[in-house]
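Student: Take this structure, written in structure tokens, and hold onto it; I'll ask about it next.
The values are calculated or read from the model by the stated rules, or taken from the named source; none is laboratory data. Since the model is a prediction, treat every value here as computed from it, not as a measurement. Cβ atoms come from the backbone with ideal geometry, glycine included; neighbour counts cover every protein chain shown. Remember, those area values only see protein heavy atoms, side chains included, never the ligands or the DNA or RNA. Shrake-Rupley method; radii C 1.70, N 1.55, O 1.52, S 1.80 Å.
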Amino acid sequence: MIYRIFVIILLNFFCISSFSQEIKEINTDSIYFKALSLYKNKEYRVSLNYTDRGLELAPEYHDIRILRIRNYWALEKIDKAGDDLRFLLKEAKDYPSVKELAIRQANYLREPATALAYINNLERFYEPDDKLKVLKASLFLKNGERKEAREIALSLFNQDIGNDLRYTLQNILNRTVSNEIGLNYQYINFSEDYSRNSPWNTVSGEFLHYFKRTALIGRVTYTDRSYDQSYLYEIESYPVFSEKVYGFLNAGISDGSLFPDFRGSASVFINFLKILELEAGGRLLHFSEQDYFTGILGLTAYQGRFYLNARSFLGPERLNQLIQNYQFNIRYYFSDTDNYIFGRLGSGISPDERTIFTQVQNNPDLEAYYFTAGINKTLGTNHILQLTGGYLVEDLSNGNKGNQFIGNIGYRFRF
């Protein structure tokens with residue numbers, strides 16, 4: 001068996017060597033276009049032979065060398081691509097595509113520390129632009145140097161950069177926080193049309209910690225509705241699977257009186273076309289031996305300083321009625337991802353609105369419309385304050401319309 005493998009390898013090597021020797025063409029332009037055609041057809045090894053031949057005849061033919069670099073990448077010969085890039089950086093650093101290829105080489109280096117050293121060397125040849133700085137921040141983050149990554153990202157966020165780079169910056173800033181402590185108070189006041197007139201008060205506290213690329217949150221929520229009180233205990237996580245894919249997981253338990261006995265949530269977020277993000281997921285609520293499932297679909301666009309999001313929640317089915325929620329969310333960022341104004345328009349009530357969703361459980365065919373607006377503002381480097389006001393109108397079971405004022409104040413300490 002070993003003998004057969006050795007013979008096959010030897011024959012392949014002989015065929016490749018023979019093929020290389022059979023290239024008799026001496027017109028370097030013809031060699032280049034032939035190699036380019038082979039590259040486009042994904043015949044990388046044959047194309048590489050032609051680029052080798054072309055550079056034997058004309059070592060200064062930079063387009064052929066650039067094509068050979070692309071062949072090396074396709075064949076995962078990263079070190080050899082690096083050799084050609086060093087030649088181009090020394091001899092023709094301002095030649096078209098050289099800078100782009102030199103930056104791209106960093107993405108093929110497996111170790112973040114190696115890639116960082118490569119970028120530092122590259123800065124000897126080029127003044128760092130936004131793309132190079134964002135790449136460096138990403139590499140710092142991968143190498144566990146969060147402080148350095150955050151400093152670069154913050155310095156760029158106020159600048160007029162491309163939407164694809166801004167999306168990457170937002171991810172870097174979100175992932176360069178180690179710990180957060182948060183407190184939130186919610187007040188809901190009901191109009192006289194309701195049989196209940198006492199306001200609802202809800203307080204929640206949470207602690208967030210990042211484990212490398214995954215955020216883990218523990219949260220306790222207490223609600224007082226005058227006629228009853230309840231606690232909800234939750235664990236939440238945001239695992240990052242790749243540069244373009246991350247997830248959301250949540251599990252919570254309560255005594256079952258005002259919150260579900262158990263709630264489970266899961267979503268996956270996928271970035272595509274650089275500025276768009278797709279969300280798909282679901283929520284599972286368990287009340288008194290009954291399970292209710294909600295499907296979720298969302299789409300987010302990052303346009304300059306704007307965050308534009310549309311989401312739909314379908315389900316659960318309750319008393320032969322399909323509960324539905326549709327919402328549109330918008331943010332406008334000022335200096336960075338922690339300073340923005342936001343708003344929401346929606347119809348129906350989603351399971352994510354933990355405090356008021358119990359109204360839907362009792363009256364699933366109600367029609368509700370609401371809007372909220374607020375501001376998220378940093379105070380210094382460690383403190384974040386959020387203020388929100390909202391108004392909800394819904395049809396009541398007695399034929400009247402009820403109005404609710406919803407106010408929130410939140411504080412977060414980041415360290």
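To keep it simple, each residue is scored yes or no on (1) among the hydrophobic types (A, V, I, L, M, F, W, C); (2) farther than 22 Å from residue 261 by Cα.
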position: 200; (1), (2): yes, no
position: 205; (1), (2): no, no
position: 210; (1), (2): no, yes
position: 219; (1), (2): no, no
position: 222; (1), (2): no, no
position: 235; (1), (2): yes, no
position: 241; (1), (2): yes, yes
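Student: Scan segment 134-151 residue by residue and report those that are within 30 Å of residue 87 (Cβ to Cβ) and buried (at least 20 other Cβ atoms within 10 Å of the Cβ).
Tutor: Across segment 134-151, the qualifying residues are 134, 135, 136, 137, 138, 139, 140.
Student: Now for a separate question. Please indicate, with yes or no, whether at least one residue in segment 274-292 is among the polar types (S, T, N, Q), surrounded by fewer than 17 Cβ atoms within 10 Å (Cβ to Cβ) and assigned to a strand (DSSP E or B).
Tutor: Scanning segment 274-292 turns up at least one residue that is among the polar types (S, T, N, Q), surrounded by fewer than 17 Cβ atoms within 10 Å (Cβ to Cβ) and assigned to a strand (DSSP E or B).
Student: Residues that are over 29 Å from residue 71 (Cβ atoms): which helices (runs of 4 or more DSSP H) entirely in segment 96-159 hold 3 or more of them? Working first, answer last.
Tutor: On the way: elements: 98-108, 112-122, 130-142, 146-157.
The helices (runs of 4 or more DSSP H) meeting that bar are 130-142, 146-157.
Student: Separate question: Determine which member of the set 24, 80 is modelled with pLDDT under 95, on the phi < 0 side of the Ramachandran plot and either loosely packed, with under 14 Cβ neighbours inside 10 Å or in a helix (DSSP H, G or I) (or both).
Tutor: 24
Student: It is to be established whether one or more residues within segment 250-260 are closer than 17 Å to residue 315 by Cα and either under 24 Å from the mean Cα position of the chain (by Cα) or aliphatic (A, V, I, L, M) (or both).
Tutor: So far as segment 250-260 goes, no, none of its residues is closer than 17 Å to residue 315 by Cα and either under 24 Å from the mean Cα position of the chain (by Cα) or aliphatic (A, V, I, L, M) (or both).
Student: If a residue must be out of contact with any helix residue (DSSP H, G or I) (no Cβ under 9 Å at 6 or more places or on another chain) and either open to solvent by 40 Å² or more (accessible area, probe 1.4 Å) or in a loop (DSSP other than H, G, I, E, B) (or both), how many such residues does segment 186-213 contain?
Tutor: Residues flagged as out of contact with any helix residue (DSSP H, G or I) (no Cβ under 9 Å at 6 or more places or on another chain) and either open to solvent by 40 Å² or more (accessible area, probe 1.4 Å) or in a loop (DSSP other than H, G, I, E, B) (or both) within segment 186-213 amount to 17.
Student: Okay, next question. Can you tell me which of 272, 248 is aromatic (Phe, Trp, Tyr) and within 25 Å of residue 356 (Cβ to Cβ)? First the steps, then the outcome.
Tutor: Values: 272 fails: within 25 Å of residue 356 (Cβ to Cβ).
Only one candidate passes the filter, namely 248.
Student: Of the residues in segment 59-77, how many are within 20 Å of residue 28 (Cα to Cα) and crowded, with 17+ Cβ neighbours inside 10 Å?
Tutor: First pass over segment 59-77, keeping only residues within 20 Å of residue 28 (Cα to Cα): 59-72.
Remaining after also requiring crowded, with 17+ Cβ neighbours inside 10 Å: 61-72.
Within segment 59-77, residues that are within 20 Å of residue 28 (Cα to Cα) and crowded, with 17+ Cβ neighbours inside 10 Å number 12.
Student: Kindly indicate which of 351, 316 is farther than 25 Å from residue 155 by Cα and part of a strand (DSSP E or B).
Tutor: After applying the criteria, what remains is 316.
Student: Here is a check on your reading of the model: is residue 218 exposed (fewer than 14 other Cβ atoms within 10 Å of the Cβ), at pLDDT 95 or above and part of a strand (DSSP E or B)? Walk me through it before giving the result.
Tutor: Working: exposed (fewer than 14 other Cβ atoms within 10 Å of the Cβ): yes; at pLDDT 95 or above: yes; part of a strand (DSSP E or B): yes.
The answer is yes for residue 218.
Student: Now for a different question. For segment 206-225, enumerate the residues that are free of Cβ contacts under 8 Å to residues at least 40 places away in the same chain, of a type outside the set (D, E, K, R) and under 15 Å from residue 358 (Cα atoms).
Tutor: Matches in segment 206-225: 222 only.
Student: Condition test on residue 118, is it within 30 Å of residue 170 (Cα to Cα) and of a type in the set (Phe, Trp, Tyr)?
Tutor: Numbers: within 30 Å of residue 170 (Cα to Cα): yes; of a type in the set (Phe, Trp, Tyr): yes.
Considered against the rule, which asks whether it is within 30 Å of residue 170 (Cα to Cα) and of a type in the set (Phe, Trp, Tyr), residue 118 comes out as yes.
Student: Quick check on my filter: what residues within segment 257-273 are open to solvent by 20 Å² or more (accessible area, probe 1.4 Å), more than 21 Å from residue 241 (Cβ to Cβ) and not acidic (Asp, Glu)?
Tutor: Going residue by residue through segment 257-273, those that are open to solvent by 20 Å² or more (accessible area, probe 1.4 Å) are 257, 261-262, 266, 268-270, 272-273.
Now narrow it down to the ones that are more than 21 Å from residue 241 (Cβ to Cβ): 257, 261-262.
Result: 257, 262.
Student: Let me ask another. Taking the criterion of being among the hydroxyl-bearing types (Ser, Thr, Tyr), closer than 14 Å to residue 323 by Cα and not in a strand (DSSP E or B), would at least one residue in segment 354-367 satisfy it?
Tutor: Yes, there is a match, as at least one residue in segment 354-367 is among the hydroxyl-bearing types (Ser, Thr, Tyr), closer than 14 Å to residue 323 by Cα and not in a strand (DSSP E or B).
Student: Being open to solvent by less than 40 Å² (accessible area, probe 1.4 Å) and more than 25 Å from residue 208 (Cβ to Cβ) is the filter here, so list the residues in segment 164-185 that pass it.
Tutor: Across segment 164-185, the qualifying residue is only 165.
Student: Being open to solvent by 60 Å² or more (accessible area, probe 1.4 Å) and part of a strand (DSSP E or B) is the filter here, so list the residues in segment 387-402 that pass it.
Tutor: 387, 391, 401
Student: Pick from 376, 339: which is out of contact with any Leu (no Cβ under 9 Å at 6 or more places or on another chain), open to solvent by less than 40 Å² (accessible area, probe 1.4 Å), under 23 Å from residue 156 (Cβ atoms) and touching a residue at least 12 places away in the same chain (Cβ under 8 Å)?
Tutor: 339
Student: Can you name the number of the only condition in (1) free of Cβ contacts under 8 Å to residues at least 12 places away in the same chain; (2) surrounded by 15 or more Cβ atoms within 10 Å (Cβ to Cβ); (3) small (Gly, Ala, Ser) that residue 252 fails?
Tutor: Every listed condition holds for residue 252 apart from (1).
Student: For segment 310-336, what are the residues that are open to solvent by less than 20 Å² (accessible area, probe 1.4 Å) and of a type outside the set (S, T, N, Q)?
Tutor: 313, 315, 316, 323, 333
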